[in-house]
């Protein structure tokens, strides 16, 4: 330790070598998030007759390490919409705080005369409004070269109380579809969901039970094939009646029998 | 010239607790020609009499569309109104861009309310010399708000501001119970009748001097689409004027007093 | 102070973090590895007729080999009075990076709406075309990665198509294809709309050969041409397909038609 008064408490340079100040750069170019760190994997969602089903597992990975196994990646907004986050978890948390603030501001703006909670919900931001807002937010951040490293699904109802489902990503690219999935889900779950709801008309024929079943099937396939996934997941059903959110579901009816037929898998020796 | 020593700026209270500059600004509103607004469960209507400074000049506009769902009626300094109008246009356009919906009328009105209030609390600033009726429809239905130079805003069922507007308000108060269930045409008729009450005696509503604006909310079951805010002038208002022209009033009396240069 | 220095490479005391000499970067400079652009595929097409313009685009939205959406329109009505654009007279198509395209559309629409608010009349296509160029060039050093085509009717009622590069170079043309399959569609259009490489049979040899006379196509012919162009593009380009969106601009307004394309 250095005992001279100007540098008391510092490691001595002649013992430890000069301190590398580059770690504490204070001027120089500002570096924004350049890659995600702790990440969530796929979010899947499908529309049905009266609403939308959305699901995401409860895992937050640190690279290939399954770091946090109890992270809720579905967040509700104003009790009328659900937002599902894929990608960077800290950016998700920032967005969640931001949306909570927005929801509070929104509640202050509400008509003081709104008789019921339902009437109040009608006047607040619906899923379509929220989608537009998030798209603007994400696009602004990409314009500032400081992106929020997420792909987001927004599930809820539009102004006519019709099911609404849309996606926004870190570049502000946004789109809607009868079914949507982020990350690996776009490759593994989307084909399954499109079998059941290729068009809006098909989706409008699905019942709630069917839609939930399809989503659960997708979560299972993702758990089988996505190495960054978990068998504990959250699932939400959004309808006119509100949100039914379950945050600690366990994948059911798994079958690992196929594993035995794959050479070099598990405990096989031959 | 000075009424007292406390009216030189809007940051000084009088010993009686009044801010005279703000009160004078409210006087400017009273010199503007009258505008009336009424809401029903489905519609909101604005009607106005326009003034011309002289026979040869055109009539000063009184009703202005802000966005597709909202518009204003003005009484007072037109140029001040334009500043507020531009601001409201900007805000509602911005809201539409970020949220993809019509800006709630209450939020919009509260924004101009606070904007106007700051003018009453900073040295060197001047309150807006204009009062507004803000009419619009949003997700929660039709709305009518009053705005005053002091920054005061208030939601109204029906209201009138401007010269001799007390007469119109008396009419509105008398018929208050009828408005809620009124259809579009009935509401406009009530508006014009209220407007007539405030006219100086030998003046009449004509296609030249009358403006009407309507906006309609979308029906709760989603059947009818929202009717965008639209201003009607000239021949478009002829039928409405004629529909309320039946009861002729006795003609006598003089012109309204020459005030400061407002609305013209 | 330099006498305390223990670090020969640094000419100073070298114990305070904030004292470290650093290479100075310009204020506000940012280091980044983030690529703000993607290509969302898709193709657009516009053809001007004698008294109409047809704008078309497929409705597929891709990223890489994924189909993000099978219905994501690329052609938009611009500058109507309301958000449903029922009275719009101008259409804009955008392909390239979808988020930039959308931002561009909303910018132009907001500008058209402000123009209407300020001037009380809709923007002409010519003015709108010039303004669009300015918008694009304003972002010359961080461009909107979007290939825009603007369509409408000119002052004489003739079909007008303006095409743009991402930084605002533009020209008025008879027809233009944009986006992923532009290189597939454009030669087809050259031949079928501008009759390039079409000669009158037996009219001569070599330079004496006479070109087929150009005449504007009928609406029916153009609609068929558009459908054929896209059917061809769908066969040969993986980023094109799902649906065909067409806007037909005439003096009576804009008619929108969608029809299916192959989804493979």
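Determine which single condition residue C:171 fails, assuming it passes every other condition in (1) touching a strand residue (DSSP E or B) at 6+ places or on another chain (Cβ under 8 Å); (2) surrounded by 14 or more Cβ atoms within 10 Å (Cβ to Cβ).
Residue C:171 satisfies all of (1) touching a strand residue (DSSP E or B) at 6+ places or on another chain (Cβ under 8 Å); (2) surrounded by 14 or more Cβ atoms within 10 Å (Cβ to Cβ) except (2).
Evaluate the range C:91-103: report whether one residue or more is surrounded by fewer than 23 Cβ atoms within 10 Å (Cβ to Cβ) and more than 11 Å from chain A (Cβ to nearest Cβ).
The answer is no; no qualifying residue exists.
Failed condition for residue C:62, given (1) in a strand (DSSP E or B); (2) farther than 30 Å from residue A:188 by Cα, with all others met?
(2)
Return the total of residues in the range A:127-146 being modelled with pLDDT of 95 or more and assigned to a loop (DSSP other than H, G, I, E, B).
Result for the range A:127-146: 0.
Mind telling me which of the residues C:14, C:7 ends up being part of a loop (DSSP other than H, G, I, E, B), at the interface with chain A (Cβ under 8 Å from one of its Cβ atoms), at pLDDT below 95 and surrounded by 21 or more Cβ atoms within 10 Å (Cβ to Cβ)?
On inspection, the qualifying residue turns out to be C:14.
A quick yes/no check of all residues on (1) under 18 Å from residue C:256 (Cβ atoms); (2) surrounded by 16 or more Cβ atoms within 10 Å (Cβ to Cβ); (3) more than 9 Å from every other protein chain (Cβ to nearest Cβ); (4) modelled with pLDDT under 50:
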{"residue": "C:2", "(1), (2), (3), (4)": "no, no, yes, yes"}
{"residue": "C:49", "(1), (2), (3), (4)": "yes, yes, yes, no"}
{"residue": "C:55", "(1), (2), (3), (4)": "yes, yes, yes, no"}
{"residue": "C:59", "(1), (2), (3), (4)": "yes, yes, yes, no"}
{"residue": "C:62", "(1), (2), (3), (4)": "no, yes, yes, no"}
{"residue": "C:65", "(1), (2), (3), (4)": "no, no, no, no"}
{"residue": "C:72", "(1), (2), (3), (4)": "yes, yes, no, no"}
{"residue": "C:75", "(1), (2), (3), (4)": "yes, yes, yes, no"}
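Conditions: (1) more than 14 Å from every other protein chain (Cβ to nearest Cβ); (2) touching a helix residue (DSSP H, G or I) at 6+ places or on another chain (Cβ under 8 Å); (3) crowded, with 22+ Cβ neighbours inside 10 Å. Residue B:137 meets all but one. Number of the miss?
(1)
Out of A:145, A:164, I need the residue that is more than 11 Å from chain C (Cβ to nearest Cβ), in contact (Cβ under 8 Å) with a residue 24 or more places away in the chain, touching a strand residue (DSSP E or B) at 6+ places or on another chain (Cβ under 8 Å) and over 19 Å from residue A:222 (Cβ atoms). Which one?
When all the criteria are applied, what remains is A:164.
Exactly one of these conditions fails for residue B:182: (1) in contact (Cβ under 8 Å) with a residue 40 or more places away in the chain; (2) crowded, with 18+ Cβ neighbours inside 10 Å; (3) not in a loop (DSSP other than H, G, I, E, B). Give me its number.
It is condition (3) that residue B:182 fails.
Can you name the number of the only condition in (1) closer than 17 Å to residue A:136 by Cα; (2) surrounded by 23 or more Cβ atoms within 10 Å (Cβ to Cβ) that residue C:110 fails?
(2)
Just checking, how many residues over the range B:140-169 are in contact with a strand residue (DSSP E or B) (Cβ under 7 Å, 6 or more places away or on another chain) and either surrounded by fewer than 18 Cβ atoms within 10 Å (Cβ to Cβ) or within 14 Å of chain A (Cβ to nearest Cβ) (or both)?
9
Just one of A:198, A:257, A:227 is surrounded by fewer than 16 Cβ atoms within 10 Å (Cβ to Cβ), out of contact with any strand residue (DSSP E or B) (no Cβ under 7 Å at 6 or more places or on another chain) and within 14 Å of chain C (Cβ to nearest Cβ); which is it?
The match here is A:198.
The values are calculated or read from the model by the stated rules, or taken from the named source; none is laboratory data. Because the structure is predicted, anything quoted here is derived from the model rather than measured. Counting neighbours? That spans all protein chains shown, and the Cβs are built from the backbone with ideal geometry, glycine included.
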